[in-house]
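Student: Handing you a structure now.
The values are calculated or read from the model by the stated rules, or taken from the named source; none is laboratory data. Since we're looking at a predicted model, the values are computed, not measured. Here the Cβ positions follow ideal geometry from the backbone for every residue, glycine too, while neighbour counts run over all protein chains shown. Note: areas computed on protein heavy atoms with side chains; ligands, DNA, RNA excluded. Shrake-Rupley method; radii C 1.70, N 1.55, O 1.52, S 1.80 Å.
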Amino acid sequence: MNKSMFKLLFAGASLTVLAGCQSEGTTGGEAQELVVYSSRNEIFVGDLLDKFEEDTGIEVSALHGIEPLQIMEESGNVQADVFISNDIGSMEYLAREDLLRSTEPENVESIEAAYRAENNEWIALSSRARGFIYNKDMIDEADVPNRMEDLLENDYSDVPNGFAITRGGNGGMISNVSALRHEWGDERTREWVDAIQENAAGIFEGHGDIRRAVGEGVHAFGLVNNYYYHQQLMEPTDNNVGFVYTDQGEGEMGAIVNAAGVGLLANSPNPEAADIFLDWLMEEENQLAFVGESLEVPMNRDLEPPFEQAVRLDELQLQDMPLMELGNYFEDTRNLIEDAGLDLNLR
Amino acid sequence: MAEKKTADDHRRLKLPSMIRKYNRHLWNGNVPNVSLLLAAISVALVMSIPLIYVVYQSLTAGRASWLRLIGTRIPNLLWRTLSLATSVTIGSIVIGVGLAWLITRTDLPGRRIWRWLLAVPLVIPPYIGAVAYINILGPRGMLFRLLARLGSDQLNLSYNVFSFSGTLLVMTLFTYPYVFLITSSAFRKLSQTYDEAGKSMGRGAFYIFLKVNLPLILPAVGAGGVLAFLYVLGDFGAVSMMRYVTFTSAIFFQRVGFDIPSAAVLSLVLIALTVLVLIIEKALRRKKVFYQSSGTARDVRLLKLGWGKYPALFFVGGIFFLSVFLPVAVLIYWTVIAAGQGLIDSSFAGYMLNSFTIASFSALFSIILSVPILYLYSRNPSSVSNFIYKSSYTGYALPGVIVALGLVSLFNNHIPVLYHTVFLLIIAQVIRFMPQALQSGEAAINMISPRMDESARSLGYSTWKVIFYVTLPSMMPGLLAGGALVFVNTIRELPATLMLRPPGFETLAIRVYYHASEAMYAQAAPGALLIIIVSIIPLHLLLKNY
């Protein structure tokens, strides 16, 4: 009996080892593969990568929701070919550290030069602007803050169920703080971070949580990117929400803008597949697929936004700062947020 | 023994006599085979390497990291973590001791069945329990909709499940079994004579419980409480689902931001906390001797609850309802919806295959690697083999995030070939869970008489031959039982898999975690249910430990 148990065990073991080897064989063989790191939510990127696999036959392995510093940490041991990010600040930062490589994909001119790195180390494909999503059943538009400074000057404690922000580790929040440092300097920005941390009724991991919470009436308003408002409008229920773009008055700083985009990693394991991906992505059909379910606004002006009522960038008063500038602030902004403790705060 | 000379003895003879003498003394005259010793040492080294590396990193983190963290972060995290762990422990003790007493010492109807049913929450990973409770109590959750359907239109949404109280509720419901099981077995060993003395004085059931039983089982309660406390210290999945930041989630956030020095510093504090609790546990276990009465084996006379059995049944049934029935029902509800929408598809099968593959390999490696350690520990007892055995438990005692953190930086910086491979993932699981194979293997090897080894060796078998042909076959049932526990724990494991998996490698646990955090419950439920079902299989093995 003991012998048969042995045999069974070894048979099982050798079988699994064999199966393991076989699957290794298929991935390491002729078929090309591509490793994608994405700091965006998987919901927004999954379909795009599936489409790429279907169109080209290249097998994609993706890691979603990663932080840009992972690429930094792995610089001696590069894992990924492509970095998809929702923050130009982090991409410009990585480009300056020579972790992203220069590219010249076809149709790159469809994106304005202001929305690309100097040698196309990164290319922005979709835009987002910061603002406040609010629940129309709970608060009048007039009572929703319309300047970033309002969060510093008013604690909104009289608003039923209060307001929501994301935790400071969130890429959107990091670039928001960078933009404020550019505008106000560090001291006032620090006060702003302290104020929102003190006064927010909810601090969430991501913006998706905020739009749902505001839609459901858990909080009256929340600081998000505009496309989360588009997403909540498309929900079958809990969709009585509005959106306020910030600092649109005369003499005010204008809306804080950021973009999602793509860059190719230097010294990556599959450079040819990465080039194929970038060329593929710059096709207009696929630029739209990049926007996908996120309902952002495409950077390419010739493309119709998937969300038709979307406000385009040129209809807004924008903060007077080249997106590239965000790269200068990236590192110190993280420190400022960590010192305030906002990166570890959830409620 | 003296007359037989194996190849090992010849090698040993070459050592200078002083060292040889010392060596014999160290091993109490029973010096092990060199290759066995080396094998055991290498396994123990691998098992403790995450700890060594994290401690090393925290000590080299630099003043700046330390100062920044000590000022604000560490006190805050200490408060959040300790207040939660203490509250959960108290909650678990109240529920666990109450249930244990009712089931072992009173005539509660159906007590034999309840004993099993109330241990079932052990198979529900707390992060899955958290998913269910977010579903029930969360904004627009099931309770909210139920109340809305009952007609109250103007509902107050003020209860926030993502709070201290929500986290406390969830963690307590899934950690009380630790206290319940240990206390039950203590109650069962407790002499009845004290109860009778109490009864003869005309005291009621509750008085006897409070004044007679409780003081005697206090050490067992303490041991169970320590387990619950340790669980909360190390848990990552449930607290992060509940959006409650403790040391583990802070370390996780720092590491995904690749602020490794800060993550290492926070880890060191958490390691210190864990060690402190383990020391307390050891002290408590030493005390345990006092309550065990070796009284005569006589029929247990149960206290009659009388009318009190109704509230008692309500309590017992209520705990079962909240900790088992309700969460499982919620998951079944969503699984049915998912099946209707065709969400249980080929990619789901892929996650399943990945989970089962790493779980099988982790179990297999745990079984194989535990053999040299067990053999050395049991056949060549000495301070060296004891140390090797104990250090193999580090990964088990430490929170999973710390094990993962150590491996991430170690492999990324020094062994890049294995970084982001399934193999590294399996190493991590073995480090975390192999001690369960050690535990059941130790019980098994101690049942085999060393005489058998000796007679085999006198026939000319080398140490390894003895292990393979004599010891291992008789140990196999025990090792396989341990392997089953490793398998189940790997299926449930979250933090190390999250931090170490290669791109594109998704497991059931990872998908449950992701979908639940995106409020996609229909997608999360089938995987969660499957994890629970797999965990039920070795439940009787878990119960045997108590």
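Student: Could you say whether any residue in the range B:292-309 is at pLDDT 90 or above and exposed (fewer than 13 other Cβ atoms within 10 Å of the Cβ)?
Tutor: no
Student: Still on this model: Give all pairs with beta carbons closer than 6 Å in which a residue from the range B:499-522 that is within 11 Å of chain A (Cβ to nearest Cβ) and in contact (Cβ under 8 Å) with a residue 24 or more places away in the chain meets a residue that is open to solvent by 10 Å² or more (accessible area, probe 1.4 Å) and assigned to a helix (DSSP H, G or I); count only pairs at least 6 apart in sequence or on separate chains.
Tutor: B:Glu506/B:Tyr351; B:Arg511/B:Tyr351
Student: Sticking with this one: Checking B:His515 against (1) in contact with a Leu (Cβ under 9 Å, 6 or more places away or on another chain); (2) open to solvent by less than 40 Å² (accessible area, probe 1.4 Å); (3) in a helix (DSSP H, G or I), only one condition comes out false. Which one?
Tutor: Among (1) in contact with a Leu (Cβ under 9 Å, 6 or more places away or on another chain); (2) open to solvent by less than 40 Å² (accessible area, probe 1.4 Å); (3) in a helix (DSSP H, G or I), B:His515 violates only (1).
Student: Out of (1) surrounded by 19 or more Cβ atoms within 10 Å (Cβ to Cβ); (2) polar (S, T, N, Q); (3) within 30 Å of A:Ala213 (Cβ to Cβ), the odd one out for B:Asn160 is which?
Tutor: (1)
Student: Sticking with this one: Considering the range B:101-115 alone, what residues qualify as being aliphatic (A, V, I, L, M) and in contact with a helix residue (DSSP H, G or I) (Cβ under 9 Å, 6 or more places away or on another chain)? Explain how you work it out, then say what you get.
Tutor: Residues of the range B:101-115 aliphatic (A, V, I, L, M): B:102-103, B:108, B:113.
Within the range B:101-115, B:Leu102, B:Ile103, B:Leu108 meet the criteria.
Student: Kindly evaluate B:Arg188 against the criterion of being of a type in the set (Lys, Arg), within 14 Å of chain A (Cβ to nearest Cβ) and over 16 Å from the mean Cα position of the chain (by Cα). Full working, then the answer.
Tutor: Details: of a type in the set (Lys, Arg): yes; within 14 Å of chain A (Cβ to nearest Cβ): no; over 16 Å from the mean Cα position of the chain (by Cα): yes.
It is false that B:Arg188 is of a type in the set (Lys, Arg), within 14 Å of chain A (Cβ to nearest Cβ) and over 16 Å from the mean Cα position of the chain (by Cα).
Student: Any chance the range A:46-55 includes a residue that's within 17 Å of A:Gly292 (Cα to Cα) and touching a Gly at 6+ places or on another chain (Cβ under 7 Å)? Don't jump to the end; show me each part of the working.
Tutor: So in the range A:46-55, the residues within 17 Å of A:Gly292 (Cα to Cα) come out as A:46-55.
Add one more test, that the residue is touching a Gly at 6+ places or on another chain (Cβ under 7 Å), and what stays is A:47-48.
Checked the range A:46-55: at least one residue is within 17 Å of A:Gly292 (Cα to Cα) and touching a Gly at 6+ places or on another chain (Cβ under 7 Å).
Student: Can I ask one more? Residues to consider are B:Ala404, B:Ala397; find the one that is out of contact with any strand residue (DSSP E or B) (no Cβ under 6 Å at 6 or more places or on another chain), surrounded by fewer than 22 Cβ atoms within 10 Å (Cβ to Cβ) and closer than 14 Å to B:Leu51 by Cβ.
Tutor: On the way: B:Ala404 fails: surrounded by fewer than 22 Cβ atoms within 10 Å (Cβ to Cβ).
Residue meeting the stated conditions: B:Ala397.
Student: Kindly indicate whether B:Val88 is touching a Gly at 6+ places or on another chain (Cβ under 9 Å), touching a residue at least 24 places away in the same chain (Cβ under 8 Å) and crowded, with 20+ Cβ neighbours inside 10 Å. Can you show your working first?
Tutor: Numbers: touching a Gly at 6+ places or on another chain (Cβ under 9 Å): no; touching a residue at least 24 places away in the same chain (Cβ under 8 Å): yes; crowded, with 20+ Cβ neighbours inside 10 Å: yes.
Spelling it out, it is not the case that B:Val88 is touching a Gly at 6+ places or on another chain (Cβ under 9 Å), touching a residue at least 24 places away in the same chain (Cβ under 8 Å) and crowded, with 20+ Cβ neighbours inside 10 Å.
Student: Starting from residues that are buried (at least 24 other Cβ atoms within 10 Å of the Cβ) and of a type in the set (A, V, I, L, M, F, W, C), keep the ones in the range B:230-244 and report whichever is farthest from the other protein chains (Cβ to nearest Cβ).
Tutor: The qualifying residue farthest from the other protein chains (Cβ to nearest Cβ) is B:Val232.
Student: Open to solvent by less than 10 Å² (accessible area, probe 1.4 Å), within 12 Å of chain B (Cβ to nearest Cβ) and not in a loop (DSSP other than H, G, I, E, B) - does that describe any residue in the range A:178-197?
Tutor: Taking the range A:178-197 as the starting set, the residues that turn out to be open to solvent by less than 10 Å² (accessible area, probe 1.4 Å) are A:178-180, A:189, A:192-193, A:196.
Now drop any that are not within 12 Å of chain B (Cβ to nearest Cβ), which leaves none.
The answer is no; no qualifying residue exists.
Student: May I ask you to verify whether B:Trp114 is aromatic (Phe, Trp, Tyr), buried (at least 17 other Cβ atoms within 10 Å of the Cβ) and in a helix (DSSP H, G or I)?
Tutor: Numbers: aromatic (Phe, Trp, Tyr): yes; buried (at least 17 other Cβ atoms within 10 Å of the Cβ): yes; in a helix (DSSP H, G or I): yes.
In short, yes.
Student: Of A:Val108, A:Val45, A:Val78, which residue is open to solvent by 10 Å² or more (accessible area, probe 1.4 Å) and of a type in the set (Val, Ile, Thr)? It would help to see each step written out before you state the result.
Tutor: Numbers: A:Val108 fails: open to solvent by 10 Å² or more (accessible area, probe 1.4 Å); A:Val45 fails: open to solvent by 10 Å² or more (accessible area, probe 1.4 Å).
Only one candidate passes the filter, namely A:Val78.
Student: Let me ask something additional. Of the conditions (1) open to solvent by less than 20 Å² (accessible area, probe 1.4 Å); (2) farther than 26 Å from B:Ala238 by Cα; (3) in contact (Cβ under 8 Å) with a residue 40 or more places away in the chain; (4) not polar (S, T, N, Q), B:Arg188 satisfies every one except a single condition; which number is it?
Tutor: Single failed check for B:Arg188: (1).
Student: Please work out which one of (1) more than 12 Å from chain A (Cβ to nearest Cβ); (2) more than 30 Å from A:Gln70 (Cβ to Cβ); (3) touching a residue at least 60 places away in the same chain (Cβ under 8 Å) is the condition B:Gly478 fails and give its number.
Tutor: It is condition (3) that B:Gly478 fails.
Student: How many residues does the range B:526-538 contain that are over 16 Å from B:Leu494 (Cα atoms) and crowded, with 20+ Cβ neighbours inside 10 Å? I'd like the intermediate steps shown before the answer.
Tutor: Residues of the range B:526-538 over 16 Å from B:Leu494 (Cα atoms): B:526, B:533, B:536-538.
Those still in the list that are crowded, with 20+ Cβ neighbours inside 10 Å too: B:526, B:538.
Going through the range B:526-538 one residue at a time, the tally reaches 2.
Student: Here's a follow-up. Looking at the range A:135-153, can you tell me whether even one residue there is free of Cβ contacts under 8 Å to residues at least 60 places away in the same chain and small (Gly, Ala, Ser)?
Tutor: Yes.
Student: Quick one: is A:Ser61 within 12 Å of another protein chain (Cβ to nearest Cβ), under 22 Å from B:Met499 (Cβ atoms) and open to solvent by less than 20 Å² (accessible area, probe 1.4 Å)? Write out each step before concluding.
Tutor: Numbers: within 12 Å of another protein chain (Cβ to nearest Cβ): yes; under 22 Å from B:Met499 (Cβ atoms): yes; open to solvent by less than 20 Å² (accessible area, probe 1.4 Å): no.
The answer is no for A:Ser61.
Student: Quick one: is A:Ala129 aliphatic (A, V, I, L, M), open to solvent by 50 Å² or more (accessible area, probe 1.4 Å) and out of contact with any Asp or Glu (no Cβ under 9 Å at 6 or more places or on another chain)? Can you show your working first?
Tutor: Working: aliphatic (A, V, I, L, M): yes; open to solvent by 50 Å² or more (accessible area, probe 1.4 Å): no; out of contact with any Asp or Glu (no Cβ under 9 Å at 6 or more places or on another chain): yes.
Considered against the rule, which asks whether it is aliphatic (A, V, I, L, M), open to solvent by 50 Å² or more (accessible area, probe 1.4 Å) and out of contact with any Asp or Glu (no Cβ under 9 Å at 6 or more places or on another chain), A:Ala129 comes out as no.
Student: Between a first residue in the range B:366-387 that is more than 14 Å from B:Met47 (Cβ to Cβ) and outside any helix (DSSP H, G or I) and a second residue that is open to solvent by 10 Å² or more (accessible area, probe 1.4 Å) and among the polar types (S, T, N, Q), which pairs have beta carbons less than 6 Å apart while being 6 or more apart in sequence or on different chains?
Tutor: From the range B:366-387, the pairs are B:Asn380/B:Asn30; B:Ser382/B:Asn28.
Student: While we're on this one: Every residue in the range B:29-71 that is part of a helix (DSSP H, G or I), surrounded by fewer than 14 Cβ atoms within 10 Å (Cβ to Cβ) and not hydroxyl-bearing (Ser, Thr, Tyr), please.
Tutor: Here is the first cut: in the range B:29-71, the residues part of a helix (DSSP H, G or I) are B:34-59, B:63-71.
Next cut, surrounded by fewer than 14 Cβ atoms within 10 Å (Cβ to Cβ) only: B:34-35, B:38, B:42, B:45, B:59, B:63-64, B:67, B:70-71.
Answer for the range B:29-71, where residues must be part of a helix (DSSP H, G or I), surrounded by fewer than 14 Cβ atoms within 10 Å (Cβ to Cβ) and not hydroxyl-bearing (Ser, Thr, Tyr): B:Val34, B:Leu38, B:Leu45, B:Leu59, B:Arg63, B:Ala64, B:Leu67, B:Ile70, B:Gly71.
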